[in-house]
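Visitor: My questions all concern the structure below.
Here, each number is a calculation from the coordinates, and none is a lab measurement. Note that the structure is a prediction, hence the values are computed from the model and not measured. No Cβ is skipped: glycine too gets one built from the backbone with ideal geometry, and neighbour counts run over all protein chains shown.
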Amino acid sequence: MRILIIEPQKVARDALRNLVREALRDATVVHADTLQEWMHHRAGDRPDLIILGDGRLELIELAAVAAPGATIVALGLHDDALYRKQALLSGAHAYIPREHAADQLPRLLATLQLEAA
């Protein structure tokens, strides 16, 4: 599985990378500070999964267009059902509030791995 992490903050990016590597040991993990950076430098490298460290709706929409067919997981500051629904309607397959990422992301990754098998 090829996983792209979009996160500009190194500490957060490293934490996400560690969560992914613990859950999916055989995954290829790449990162970019922004979606635009990835689109400019690595657009030919299509990920299976994109983890957006910034769950703004416009970024979710852009990721869905930039990588059709990729599963998009958005992390964000909002912890309410309305925003989660908006994120899903914008193209995310899952929306996880940042405060719950350490618990929920590994479980989601395990589920996605089982579905891909």
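Visitor: Which one, Pro68, Pro106, Pro97, has the greatest fluctuation when you compute a Gaussian network model over the chain with C-alpha springs under 10 angstrom?
Guide: Largest GNM mean-square fluctuation: Pro68.
Visitor: In addition: Can you give me the long-range amide H partners of Thr71? Hydrogens built in the peptide plane at 1.01 Å from N, cutoff under 5 Å, separation of 5 or more residues or another chain.
Guide: The answer is Leu49, Ile50.
Visitor: Say R0 is 35 Å: what FRET efficiency, to the nearest 0.05, do Glu58 and Thr111 get from their beta-carbon distance?
Guide: Details: r = 27 Å, r/R0 = 0.76.
Efficiency, from the Cβ-Cβ distance: 0.85.
Visitor: Which residue, Ile51, Ala87, Ala23, has the largest displacement toward the positive end of the dipole of region 2-116 when charges sit on each Cβ (Lys, Arg +1; Asp, Glu -1)?
Guide: After comparing all options, I get Ala23.
Visitor: What's the Cα-based Rg to Rh of region 46-87, Rh via Kirkwood?
Guide: Rounded to two decimals, Rg over Rh is 0.97.
Visitor: I would also like to ask the following. State the label only: which of (1) 1.22; (2) 0.92; (3) 1.01 corresponds to Rg/Rh (Cα atoms, Kirkwood Rh) computed from the shown model?
Guide: Matching the structure shown: (2).
Visitor: Using the crude model of +1 on Lys and Arg Cβ and -1 on Asp and Glu Cβ, and no other charge, please compute the dipole size for the chain relative to its Cα centre, in debye to 20.
Guide: The calculated dipole for the chain is roughly 180 debye.
Visitor: Of Leu75, Ile60, Leu4, whose Cα points farthest to the positive end of the dipole of the chain (charges on the beta-carbon: +1 Lys, Arg; -1 Asp, Glu; origin at the Cα centre)?
Guide: So the residue we want is Leu4.
Visitor: Another question, if that's okay. Comparing Leu88, Leu52, Leu77, which has the greatest mean-square fluctuation in the GNM of the chain with Cα pairs linked when under 10 Å apart?
Guide: Leu77
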